[in-house]
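One structure is given below, encoded as structure tokens.
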Amino acid sequence: MHRREFIKQGTITAASLTVIPTASLFAIKKEKIKLGYIGVGLRGRSHISEGLMRDDIEIVAVCDPQESSLKYCREQFVKAGKPLPKEFTGSLDAYKKLLDIKEIDAIIIASPWQFHYQQAIDAMHAGKYVGCEVIAGITLEEHWDLVKTSELTGMPYMTLENVCYRRDVMAVLNMSRQGLFGELIHFEGGYQHNLRGVLFNDGQHFYGHGVEFGAGALSEAQWRTQFNIDRDGDIYPTHGAGPVLQYANINRGNRFTNLVSFSSKARGLAAYVEELAPGNKNAKLNYKNGDVVTTMINCANGETVMLSHDTHLPRPYSLGFRVQGTKGLWMDVNKSVYIDHQSKNEDEWDGVDDWFKKYDHPLWKKYENKAEGAGHGGMDWFVFNAFVEAVKQQKQTPIDVYDSVTMSVITPLSEKSIAEGNMPQQFPDFTKGKWNSRKNVFALDDSGL
Ligand SMILES: NC(=O)c1ccc[n+]([C@@H]2O[C@H](COP(=O)([O-])OP(=O)(O)OC[C@H]3O[C@@H](n4cnc5c(N)ncnc54)[C@H](O)[C@@H]3O)[C@@H](O)[C@H]2O)c1
């Protein structure tokens, strides 16, 4: 389906009507691109699987200081019958040598959070597109540096926020663009996921066994748990904020103006350790990160956003989305939609199935077979594909550096708000006024970008 046909399908809200001149950055499109990977732990290897399935990608180099990660990674190449990539290892900055490989077009970064900023800055200086896993930087200054470096080098930077491509999230985007919810008023979302079995393990099983973290543990328990000890704020805002950016046209006719955050007491992680291993030293630690961190954000156009970080308590998974306008709303916790005068019964929820079938996003309709089997219900295929297509077409990425830092900077801002007794924090305008005239370019059609 062409962009024009998709737009014709319904009444599109004013904000999204003016469509994308996604200017080509460079002249020559590429049929095939070469990728380098920094960090091939669980997530990096999931992106490796995506790459190995495609004929338009050659993974030429990987970097990881940990032999166990490299070993699993090699097995993936052998199984796929593809040539082994060049390996860089031995130190935390071994990635710098990988960046020296001229023929690499783009870098996928899936290392621990504390390394993303410097690795991305170096990659852009080396002339590479950057596709970086969630969390762009740690401090406010680092987020500004990423913007400045992308502007200076002309290299696109994309946070690989997969939830932007979740099927229901995109169906709701389609519905909102067709005016079903009326004028949008309020959004909710967050990271609400019991991560206790990820934040601790026994050094042998990835999930659900043991109460160790740090050097004696595996995968994210090696490094991520320390953030829960050291920082009190919304330390993972992007799963909720990413989709809201698209619904509310943030940085594209709208922007976040200020936020305030609240943090509950922190009991969940210690209670988990105590239950599994009574008396263990890790049950006595002072975890700084509140169990439920709630952040409220104002938008320039008058909408409000509520984000939640809730990963330390027993709870079923739900990102808690709510998209609400003058004519109706979607809430994903109870999988329900209500549209005034269109829902079956007045003031009663409809199930989402019929609505989502009718308003399935054209991108999902076109590529659902390819996405089948990809991580997180298929959305991982879409986010990876969007990045790869931008590199091949030598275009700006659909989630660009401004969008990326806007999602990620919520962490240091929320931290500061909490540290100052819930004081409001001004949201930086990373676009320096360009948000007024920039247009939303995200998934306007089924082209994959
Ligand atoms: N979007 C999602 O759904 C999703 C899911 C899981 C993880 N993630 C993100 O992916 C990233 C990686 O998470 P993970 O689960 O793969 O963690 P992981 O611990 O399994 O993997 C991290 C890898 O990075 C390597 N590493 C450490 N320091 C490095 C360095 N200086 N240079 C290169 N490699 C280095 C480690 O040895 C390890 O192999 C994080 O940002 C995480 O938040 C996103």
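Return the residues of region 230-246 that are within 12 Å of the ligand (Cβ to nearest atom), in a helix (DSSP H, G or I) and β-branched (Val, Ile, Thr); say none if nothing qualifies. Show your work before the answer.
Start the filter on region 230-246 by keeping residues that are within 12 Å of the ligand (Cβ to nearest atom), which leaves 235-239, 242.
Narrowing the set further to residues that are in a helix (DSSP H, G or I) leaves 238-239, 242.
Result: Thr238, single match.
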For region 65-108, what are the residues that are away from the ligand (no atom under 15 Å from the Cβ), part of a loop (DSSP other than H, G, I, E, B) and of a type in the set (Gly, Ala, Ser)?
-> Gly81
Considering every residue within region 222-236, establish whether at least one is in the same structural domain as Ser417 (by TED's automatic domain parsing), of a type in the set (A, V, I, L, M, F, W, C) and farther than 30 Å from Gln66 by Cβ.
-> no
Scanning region 34-64 for residues that are of a type in the set (A, V, I, L, M) and within 10 Å of the ligand (Cβ to nearest atom), the one farthest from the chain's Cα centre (by Cα) turns out to be Val62
When Asp380 is run through (1) surrounded by 23 or more Cβ atoms within 10 Å (Cβ to Cβ); (2) within 26 Å of Ile107 (Cα to Cα), the failure sits at (1)
Mind counting the residues in region 64-91 that are within 20 Å of Glu220 (Cα to Cα) and in contact with a helix residue (DSSP H, G or I) (Cβ under 7 Å, 6 or more places away or on another chain)?
-> 4
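For (1) within 16 Å of the ligand (Cβ to nearest atom); (2) crowded, with 24+ Cβ neighbours inside 10 Å; (3) farther than 30 Å from Leu329 by Cα, each residue gets a yes or a no:
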position: His125; (1), (2), (3): no, no, yes
position: Val130; (1), (2), (3): yes, yes, yes
position: Ile138; (1), (2), (3): yes, no, yes
position: Glu141; (1), (2), (3): no, no, yes
position: Leu146; (1), (2), (3): yes, yes, yes
position: Thr149; (1), (2), (3): no, no, yes
position: Leu152; (1), (2), (3): no, no, yes
position: Tyr157; (1), (2), (3): yes, yes, yes
position: Tyr165; (1), (2), (3): yes, yes, no
Within region 356-378, can you find the residues that are of a type in the set (Lys, Arg) and free of Cβ contacts under 8 Å to residues at least 40 places away in the same chain?
-> Lys357, Lys358, Lys370
Within region 248-271, restricting attention to residues that are buried (at least 23 other Cβ atoms within 10 Å of the Cβ) and assigned to a helix (DSSP H, G or I), which residue is farthest from the ligand (Cβ to nearest atom)?
-> Gly268
Some residue of region 405-418 being in contact with a strand residue (DSSP E or B) (Cβ under 7 Å, 6 or more places away or on another chain), surrounded by fewer than 21 Cβ atoms within 10 Å (Cβ to Cβ) and either at negative phi or in a loop (DSSP other than H, G, I, E, B) (or both) | yes
Sole residue being within 14 Å of the ligand (Cβ to nearest atom) and either at pLDDT 95 or above or crowded, with 18+ Cβ neighbours inside 10 Å (or both), chosen from Phe227, Phe206, Phe187 = Phe227
Among what's in region 151-207 and is closer than 24 Å to Glu133 by Cα and basic (Lys, Arg), pick the residue that is farthest from the chain's Cα centre (by Cα).
-> Arg196
Give me the pairs, please: first residue somewhere in region 60-86 and touching a residue at least 12 places away in the same chain (Cβ under 8 Å), second residue anywhere and among the basic types (Lys, Arg) and not in a helix (DSSP H, G or I), beta-carbon distance under 8 Å, and either six or more positions apart or on two chains.
-> Val60/Lys34; Val60/Lys86; Ala61/Lys86; Val62/Lys86
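Quick check: anything in region 208-225 within 14 Å of Ile410 (Cα to Cα) and not small (Gly, Ala, Ser)? It would help to see each step written out before you state the result.
Within region 208-225, the subset within 14 Å of Ile410 (Cα to Cα) is none.
Scanning region 208-225 turns up no residue that is within 14 Å of Ile410 (Cα to Cα) and not small (Gly, Ala, Ser).
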Tell me, which helices (runs of 4 or more DSSP H) lie completely within region 118-223 with 2 or more residues that are charged (D, E, K, R)?
-> 140-153, 167-177
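The values are calculated or read from the model by the stated rules, or taken from the named source; none is laboratory data. Since we're looking at a predicted model, the values are computed, not measured. Cβ coordinates were reconstructed from backbone atoms using ideal geometry, including for glycine residues, and neighbour counts include every protein chain displayed.
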